[in-house]
There are 2 protein chains.
Amino acid sequence: MRLVVARCAVDYDGRLTAHLPMAVRLLLVKADGSVSIHADGGAYKPLNWMSPPCALTEQPGLWTVRNKTGETLTITIDEVMSDTSWELGADPGLVKDGVEAHLQALLAEQCEAIGAGLRLVRREYPTDIGPVDLLFRDAAGATVAVEVKRRGEIDGVEQLTRYLERLDRDPLLRPVRGVLAAQEIKPQAKVLAGQRGIECVVVDYDELRGREPTTPRLF
Amino acid sequence: MRLVVARCAVDYDGRLTAHLPMAVRLLLVKADGSVSIHADGGAYKPLNWMSPPCALTEQPGLWTVRNKTGETLTITIDEVMSDTSWELGADPGLVKDGVEAHLQALLAEQCEAIGAGLRLVRREYPTDIGPVDLLFRDAAGATVAVEVKRRGEIDGVEQLTRYLERLDRDPLLRPVRGVLAAQEIKPQAKVLAGQRGIECVVVDYDELRGREPTTPRLF
DNA sequence: TTGTTGATTTCGCAA
DNA sequence: TTGCGAAGTCAACAA
C-alpha cells in the first residue's frame, strides 16, 4: 500500500466526466492496483477513484490510471508532501454476523415467527425470475412465499409480487399467499403490501438468535 | 487527516457484528471524525469503518469510536508502524457531468428524441407517490409519461408502471402511455416493458448534448 | 459473461 | 428529521 499526500488536480473520464480542482489530498494506491483520492471529509468514500483491475502509469507530475474498458483517471501533481509505501500482507478478512442470509436461515428453522402451522418446503425456491427466499405450506395446504429482508421497502414488495404471480400459476402450489418478513418495515412498503394482499411480519433478529437451540432444550 | 499504519484487531458492533483478526492495516482518520480501516485490497471500500458524526476515544493500545446511535468500533492496536497527520484544508469538491438530471433536462428540450409531435407539460410532474420525470402531450392529445434513467432496468419499469396507474385515473390526463428513456436498456427491462405496453427509447447522451443549442442556430 | 440481489450500502434532495 | 431515489454505486453469487 502506497500513501501519497500531494497537491493535485484530477480528471475522470468514463461512465461520466468529473473534475477536481487543485488541492492537497491523499492518494491511496493499493496492492490490487486500485487508486483512490481522499479529501478530509465525505466519510470513507473517496472523491474520485479507479477500481481494479487497472494500470497506473507514472510520469513526473502526471499519473494516468486506465482500465480495460477505457475509463481514465488523470492526476496532475503539483507538489508531493509525502510518499510512503507499506507492506501489509494478505488480510485475514472480516467475519460478519447479522445479515440477511442468517436471518433467512433462522426463519427457516423457526417458522412460528412467521405464522402458526407452517412447514418448510425449501429455502431459495427457484422460479424462472429468481429464487424465492422461503417457501412454506400452511395447515390448510396453501403455499406461503416469504421474502426476507433486513429492511422491508417498496422494492421488496415488488419483488415478492413478481414471485407470487409466477407461483400462483402453478396448480401444485395454488393458492399462494405472500409474507414480507423484515427486522423493520417502511410505512410505504406496508401500504403497498396491504394493497397487494401481502402480509407484513416484523421479526426480532436478536430474539430469533437467542431462541435458536444449539442443543435441544426441555423448556 | 491522520494516517496510521498499525497492526490491529477490530470489532464493530452496531447494525451487525463484525470482527477483524490482528493484521497490519491503514487507519484513516478524517477531519469529519470518520474512521476507516483499509487493507491492501477491496478497492476503495474499507474493511470496517465508522461514519461521521462520531467520537474517537484514544487509550494506549485501544481506540474506541462511537456514534450517537450506539454503534461502536473497537480497535485494539498491537504495534504502530507510522502515525502522521496532514492539514488538507477544505476541498473545492467534485464537478460532475453526465448524470440523470442532465439527461432529463436535455430530453425536456429535445422531445423529438422521444417521439414526434410532443409538447412538454412539465418536468417532475407530481403524483401522490412521487414525481414523474417528464410529462408530455402528443399530437392526438394523449398524455405521455417518461421515466428517464441512465440505465434502464426492471426497477425503472416498475416505477413507471406505478406512475402510469395513478396518472391514468386522472380524467384530465387519460389516456396515458409510458416511455422508458435511457442510454442503455437491459433486455429484461425491455421484455417487462413490452408486457406492460411501455415503449423503450434508447437515447444518445453525446448526441443530445451536441445538438443542444447554446445559442440559437439557423441550421 | 450476464443478470440478480444485498449492502453497516452512501449520498443528496425534498417534504 | 425522515423518506425516497440515484450511484462512476460495489461485490458476491448463480445461470
Original post:
Can you tell me how many residues in the stretch A:100-113 are within 16 Å of DNA strand C (Cβ to nearest atom) and either at pLDDT 90 or above or closer than 16 Å to residue A:204 by Cβ (or both)?
Top reply: 8
**OP:** Quick one: residue B:54 ticks every box in (1) in contact with a strand residue (DSSP E or B) (Cβ under 9 Å, 6 or more places away or on another chain); (2) at the interface with chain A (Cβ under 7 Å from one of its Cβ atoms); (3) without any contact (Cβ under 8 Å) to a residue 60 or more places away in the chain except a single one, so which number is it?
**Re:** (2)
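Does residue A:184 qualify as being more than 14 Å from chain B (Cβ to nearest Cβ), within 12 Å of DNA strand D (Cβ to nearest atom) and under 20 Å from residue A:208 (Cβ atoms)?
no
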Subject >> Hey, residue B:14 more than 7 Å from chain A (Cβ to nearest Cβ) and free of Cβ contacts under 8 Å to residues at least 12 places away in the same chain or not >> reply: no
Subject >> Which numbered condition residue B:66 fails, given (1) touching a residue at least 40 places away in the same chain (Cβ under 8 Å); (2) more than 10 Å from chain A (Cβ to nearest Cβ) >> reply: (1)
Original post:
Which fully enclosed strands (runs of 3 or more DSSP E) of the stretch B:97-168 have 2 or more residues being of a type in the set (Phe, Trp, Tyr) and surrounded by fewer than 17 Cβ atoms within 10 Å (Cβ to Cβ)?
Top reply: none
Subject >> Residues of the stretch A:30-42 classified as more than 13 Å from DNA strand D (Cβ to nearest atom) and surrounded by fewer than 20 Cβ atoms within 10 Å (Cβ to Cβ), total >> reply: 2
Original post:
Just checking, which of A:37, A:75 is part of a strand (DSSP E or B), of a type in the set (Val, Ile, Thr), in contact with a Cys (Cβ under 7 Å, 6 or more places away or on another chain) and more than 7 Å from every other protein chain (Cβ to nearest Cβ)?
Top reply: A:75
Subject >> Of all residues in the stretch A:144-176 being within 19 Å of residue A:110 (Cβ to Cβ) and either away from DNA strand D (no atom under 16 Å from the Cβ) or within 14 Å of another protein chain (Cβ to nearest Cβ) (or both), the one that is modelled with the lowest pLDDT >> reply: A:150
**OP:** Hey, could you check the stretch A:87-96 for residues that are assigned to a loop (DSSP other than H, G, I, E, B) and loosely packed, with under 12 Cβ neighbours inside 10 Å and say which is farthest from DNA strand C (Cβ to nearest atom)?
**Re:** A:87
Original post:
Residue check: is residue A:99 within 16 Å of DNA strand D (Cβ to nearest atom) and in contact with a His (Cβ under 6 Å, 6 or more places away or on another chain)?
Top reply: no
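The values are calculated or read from the model by the stated rules, or taken from the named source; none is laboratory data. Being a predicted model, the structure only gives us computed values, none of them experimental. Don't worry about glycine lacking a Cβ; one is built from the backbone with ideal geometry, like all the others, and counts go over all protein chains shown.
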